[in-house]
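Here is the structure we will look at, set down as structure tokens.
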Amino acid sequence: MCLSIPSQVISIDKEKCTAIVDTLGVKREVGIDFIADEVKVGDFVLIHIGYAMNIIDEEYAKESIKLYQEIIEKMEEDERQRMIEESDNCPGGAGGA
Amino acid sequence: MELRDLYVRFRDPKTIKALAKEIELEASKLANPINIMEVCGGHTHTIMKYGLLQLLPKNIFFIHGPGCPVCIMPKERIDHAYILAMQENVILCTLGDMIRVPGSKGSLQDARSKGADVRFVYSPLDVLKIAKENREKTVIFFAIGFETTTPMTAALLESAIAQKMTNLLLHINHVTVPEVMRELIDSRDEHIDSYNNQIDAFLGPSHVSVIAGSKIYEEFPAKYNRPVVVAGFEPVDVMEGVLMLVKQFNEGRCEVEVQYKRSVTREGNRKAQELIEKYFEKRDLFKWRGLGNIPKSAWKLKDAYSDYDAERVYDLPKEEIEDHKLCICGDILRGMAKPTECQVFGTACTPAKPLGSCMVSSEGACAAYYKYGNLL
Ligand code: SF4
């Protein structure tokens, strides 16, 4: 029950204070009482028990994704380094002298 | 950016692995082991589902916290739901796994099998619809949840008033996170010798802060010397949250930080907060299952809305009810015991036949251990 689900706003009905959102292909109607003034079509929102709780800040999401990319690259670089060191330390590469 | 990115990027196994490496590196510099309490059952679920315990170094521990609204519901309030459901001409609606939790008279499911009209709803919006379609009946919403679901109940009441509905009542069981965190630290510090571990830091649930802001945790570093990182529910979010906490220890910082910046601000959603303040006020005390009475830890309807309050419209029993003797949910909710330490875990108590509430909700620690225990 407690998880909130990212979705994208497809259309807004200001009068009813609802929006149609797309959650990975599933379309449904949600309440937008808490974000009615700001929300726009195309926004990413977090859905929780049938209401949009807020608008997801794309810039911050992108920033996180970029940071993770860097951490992955660092890990892969470290792994490459280790592989090179290991094979350097292994004379003849197979079985030794 | 596409919607998919918001899912796959934050569940990416490679990122999880890379973060685990970073955590290992940072944790190797720690002077002492650290115990991190993930307050919310949603985090417990993620930790178990993605096997994050196995990825953490030996000097970092998770203590599972009490943040599961179903698990902390005391039996007397489940009985309220049961009694209300059994009234003539009533439709009782509730969310989530509430329907399966046994009270002293049985669960709501049992009430249903005796002919009561109990409905599981996905959203309070459905309750409004049911009330409109059944004008000749009284529709009662048994409202549960933390800061995350409280504004939705307020929005439901606002719509009911605007649409002049007279057949809708609310039974309010909304609870708040900071008060229970305070209680856990205070009670632990009191009996410190009897515990072999202690909460050193908190992982705060993101969705609570989406509504209430990250500011609700500022007292914990300031007064209790416990850092807090507000983290999202995807496995990558949890791992990054842990990394941020470990870094705080290594750098000698103790503060509130937000990992889930994509949705959490210091202030939270003002509009949602205003709705809560409009309709609700704090109860002096609220009994949490296994934890006892905690001051100012729950909401009730303001006097002005007593016509909508099922607790005032119906005469409901006030006595407290003991939990099952063998069930150690209380210790588990306090982070003092793990589910596997319970004598009846997985034998007399299973998700199909739960003895205690922690086995019912998918966010309960016992249910999570039962389901993903083979990963341990
Ligand atoms: S396993 Fe069942 S009886 Fe034991 S603590 Fe968990 S919920 Fe209670």
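The values are calculated or read from the model by the stated rules, or taken from the named source; none is laboratory data. All of these numbers come straight from a predicted model, not from anything done at the bench. Note that we place each Cβ from the backbone using ideal geometry, even for glycine, and neighbour counts take in every protein chain shown. With ligands, DNA and RNA removed, areas are computed over all heavy atoms of the protein, side chains included. Shrake-Rupley method; radii C 1.70, N 1.55, O 1.52, S 1.80 Å.
Summary of computed values
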{"item": "Peptides ranked, highest mean first, by Cβ atoms within 10 Å: ranges B:25-34, B:83-92", "result": "B:83-92, B:25-34"}
{"item": "Gained length - B:Q87 relative to B:Y122, 0.36 nm times residue gap less alpha-carbon distance", "result": "10.3 nm"}
{"item": "Three-way shape call for the stretch B:12-117 based on the alpha-carbon gyration tensor, with the a/c threshold at 1.5", "result": "prolate"}
{"item": "Chain B: relative contact order in percent, alpha carbon pairs under 8 Å with at least 6 residues between", "result": "23"}
{"item": "Contour minus Cα-Cα distance for B:E158 and B:D186 (0.36 nm per residue)", "result": "6.4 nm"}
{"item": "Förster radius 30 Å - calculated FRET efficiency between B:E251 and B:K17 (Cβ-Cβ, nearest 0.05)", "result": "0.80"}
{"item": "Label zone at A:D22 (point 7 Å along Cα-to-Cβ), backbone N below 14 Å, the stretch A:44-79", "result": "A:44-45"}
{"item": "In range of the label at B:S104: residues from the stretch B:41-80 whose backbone nitrogen is under 15 Å from the point 7 Å along Cα→Cβ", "result": "B:74-80"}
{"item": "Rounded, prolate or oblate (a/c below 1.5 giving rounded, otherwise prolate when a/b exceeds b/c) for the stretch B:249-376 by Cα gyration tensor", "result": "oblate"}
{"item": "Long-range HN-HN contacts of A:D57 with modeled amide H, under 5 Å", "result": "B:S263"}
{"item": "Shielding by partners, peptide B:260-266 (average Cβ within 10 angstrom, other chains)", "result": "6"}
{"item": "Amide proton proximity set for B:T350, modelled H, under 5 Å, gap of 5+", "result": "B:L355"}
{"item": "Per-pair calculated FRET efficiency, R0 = 35 Å: B:E277 and B:K114 via Cβ, rounded to 0.05", "result": "0.35"}
{"item": "Cα-based reach from B:K278 at 13 Å (exclusive), listing aspartates and glutamates while leaving out same-chain residues under 8 positions away", "result": "B:E158, B:D303"}
{"item": "Local electrostatic count, B:D284, Cβ distance below 11 Å [Lys/Arg +1, Asp/Glu -1]", "result": "+3"}
{"item": "Under 17 Å from the B:A222 label point (7 Å along Cα→beta-carbon), backbone N, the stretch B:245-264", "result": "B:254-258"}
{"item": "Label-point separation, B:K318 to B:N134 (7 Å along Cα→Cβ), nm", "result": "3.0"}
{"item": "CD proxy at 222 nm, helix term only [per DSSP H run n ≥ 4: -39500 (n - 2.57); per residue of chain B; nearest 500]", "result": "-11000 deg cm²/dmol"}
{"item": "FRET efficiency, B:Q54 to B:L285 (Cβ-Cβ, R0 35 Å, nearest 0.05)", "result": "0.30"}
{"item": "Computed label-point distance, nm, for sites B:K29 and A:K74 using a 7 Å Cα→Cβ extension", "result": "1.0"}
{"item": "Residue-averaged beta-carbon neighbours from other chains (10 angstrom radius) around A:62-75", "result": "5"}
{"item": "Relative intensity, log₁₀ I(q)/I(0), of chain B from a Debye sum that treats every alpha carbon as a point, q = 0.10 Å⁻¹", "result": "-0.64"}
{"item": "Overall dimensions of the stretch B:329-375 by Cα: Rg and Dmax, Å", "result": "9.3, 25"}
{"item": "The protein assembly as shown - Kirkwood radius from inverse mean 1/r over Cα pairs (Å)", "result": "23.5"}
{"item": "The protein assembly as shown - percent of accessible surface contributed by carbon and sulfur, probe 1.4 Å", "result": "50"}
{"item": "Estimated buried accessible area (total), pair B and A, 1.4 Å, Å² to nearest 100", "result": "4100"}
{"item": "Overall form of the stretch B:90-198 per C-alpha gyration tensor (a/c, 1.5; a/b vs b/c)", "result": "oblate"}
